[in-house]
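The values are calculated or read from the model by the stated rules, or taken from the named source; none is laboratory data. This structure is a prediction, so every number in the text was calculated from the model and none was measured. As a convention, Cβ positions derive from the backbone with ideal geometry for all residues, glycine included, and neighbour counts pool all protein chains shown.
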Amino acid sequence: MGGPGSGNSYRWGAKASTDARDRFDVAGLYRKGWLRPDTVGTTRWERGGRVTSAIGWAVAGEDGTATAVELRYAVGGEEVRERVALAWTACHFGGRRPWFVCPGTGCGRRAAVLYGGRFFRCRRCQGLAYESTRRSPGERALGKAQRIRVRLGGTANMLEPFPPRPKGMHRRTYERLAREASAAERAYGAEAEAWLAGMEGELERRAREEAR
Ligand SMILES: [Zn+2]
């Protein structure tokens, strides 16, 4: 994490987008004494010694207590400003600790850490977003095939035989689910094969280069 500094030193447009590995940790801010109203700062994330993303933040508060952190950063040249409310809870042995209140739609969970991406959200909100948007079509197809197997009383293990029709399930429903699962498995299989073919090509290319 970077440190607090002048708000003017932050150039919004110049910053890279953040990604899901960027952890914004409320305890870290608190420990360093930065969770006080009117404190501004920049937090940077590095990978391999290179700054890959950064956000600016400003703490808002009332009567000396921090009540929210306003985040500012740019994603794809577009400025994002978002206010993340803070919640304080009493600690068992005295004192109190801060939490982010996740700004995800319909969430509002208390979170010690928010994860980057287009927006900063709790692990759960980012997990759901990850599921639906970042997986490849083949991976989503595999997930669908696995859900159907589990619904039919089987397991998600694709090496096991396809589950038989459960008692009480209409034959038509079973046949429809089996067709959907089979199509999803084929879609996943095609992607996996294409990936393997690409991998083999890459290995051959490297072997040829080394032989030279
Ligand atoms: Zn959330």
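Only one entry in D22, D63 is touching a strand residue (DSSP E or B) at 6+ places or on another chain (Cβ under 9 Å) and either of a type in the set (D, E, K, R) or not assigned by TED's automatic domain parsing to the domain that holds Y115 (or both), namely D22.
One line per residue, one yes/no per condition, for (1) assigned by TED's automatic domain parsing to the domain that holds L35; (2) of a type outside the set (G, A, S); (3) in a helix (DSSP H, G or I); (4) modelled with pLDDT of 90 or more:
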site: T89; (1), (2), (3), (4): yes, yes, no, yes
site: F119; (1), (2), (3), (4): yes, yes, no, no
site: L128; (1), (2), (3), (4): yes, yes, yes, no
site: A156; (1), (2), (3), (4): no, no, no, no
site: P164; (1), (2), (3), (4): no, yes, no, yes
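The set of residues in the stretch 68-115 that are farther than 21 Å from R21 by Cα and touching a residue at least 24 places away in the same chain (Cβ under 8 Å) comprises L86, R97, P98. Filtering R81, R50 for residues that are in contact with an Asp or Glu (Cβ under 9 Å, 6 or more places away or on another chain) and either away from the ligand (no atom under 16 Å from the Cβ) or over 29 Å from A184 (Cβ atoms) (or both) leaves a single hit, R81.
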